[in-house]
Amino acid sequence: MIRFARRTFLALLALICLLAAPPAITPARADNLDLLLVLAADGSGSIDEDEFKLQREGYAAAISDPRVVQAIQSGYGGAIAVALIEWGAPTSQHIIVEWTVIRDQASADGFAAAILAAPRKAFGYNSISNAIAYSATLMRESGLKAPRKVIDVSGDGPQIGGMPLERIRNEAIDEDITINALAINNKDGMLRGPGGMPLDEHYRRDVIGGFGAFVEVAENRADLNRALLKKLIREIADARPTGRALAER
């Protein structure tokens, strides 16, 4: 019953967003931010419409969960800036929700509504490297400052094309960015990485990087909401530096 009520609430938020102006984006007043966070969601051809809908609903539910809001408010500045992009082919990276400062339940709910209201844009297969590069540029050009920067990549498949993944990952880490990943097991079984390795192992070896980097695994579609929520709370609550480990500086 509680889950149904929450779904109904999110659906109403999406309807309001469609009928009214988009939620206000306030980067100019983004003082004392604890974290810049880019949610880089897989929108490639391997994500069918049912999975895409579940993924959008999962991100909306996670970012507006009171436990996430509590984690945000527990930080030194009590606020973070978040943007959502979706990615696919090397030429397909798209801003779905612009940079938004989240500091309370109202701003979190507005971001969730914008996620649900936005159309699907990404196409093709599968450039994790270009998604990371795009996310790093988005941070660099945002004009926002925070002591921690995280790119949160989710996907159900491996790197296929685009810029060299190792180089792009290392360049992001050099900009004090930590890259985390969510490996999604799709309905046909988890897609494999290079040489047939498990996808989560591919993400650990080739995708994530920076101080405190980790991979979360969604074992199936039903597990996606749990994995997204756990991952967001961990990323927001972790007060350690991002990017290169202190010993490497």
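Read the figures in this text as sums done on the coordinates, not as results from a lab. Just so we're clear, the structure is a prediction, and the values are computed from it rather than from any experiment. Methodologically, a virtual Cβ is constructed for each residue, glycine included, from the backbone with ideal geometry; neighbour enumeration extends over all protein chains shown.
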inquiry  = Tell me the Kirkwood radius of the stretch 118-158: reciprocal of the mean inverse pair distance over distinct alpha-carbon atoms, in Å.
reply    = 12.1 Å
ask   = Please identify the trypsin sites (Lys or Arg not before Pro) of the stretch 149-242 that satisfy two criteria: DSSP loop assignment and at most 12 other Cβ atoms within 10 Å. Which are they?
value = K187
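Quote to one decimal, in nm, the extra length available between R67 and A222 on full extension: 0.36 nm per residue of separation minus the C-alpha distance between them.
Values: separation 155, 0.36 × 155 = 55.80 nm, distance 1.98 nm.
So the extension gain works out to 53.8 nm.
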ask   = Taking the Cα centre of the stretch 62-172 as the origin, how large is its charge dipole in debye, to the nearest 20, when only Lys and Arg (+1) and Asp and Glu (-1) carry charge on their Cβ atoms?
value = 220 debye
note = What the Cα atoms of the stretch 26-158 span along the principal axes, largest first and in whole Å, is 39, 28, 21
key: Within the stretch 109-249, percent of DSSP bridges classed antiparallel, to nearest 5   = 10 percent
key: Spin-label pair E171/R120, simplified geometry with 7 Å Cα→Cβ offset, distance in nm   = 3.0 nm
note = Going residue by residue through the stretch 197-203, the Karplus relation 6.51 cos²θ - 1.76 cosθ + 1.60 with θ = phi - 60° gives ³J(HN,Hα) values, rounded to whole Hz and with x marking Gly or Pro, of 5, x, 4, 5, 5, 4, 5
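Quote the charge dipole size of the stretch 32-102 about the Cα centre in Debye, to the nearest 20; the model charges only the Cβ of Lys and Arg (+1) and of Asp and Glu (-1). Mind dumping the intermediate values first?
Details: 3 positive and 10 negative charges, 63 e Å.
The dipole magnitude comes to about 300 debye.
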query = With each label point set 7 Å from Cα along the Cα-Cβ vector, what nm distance links N32 and A239?
reply = 1.4 nm
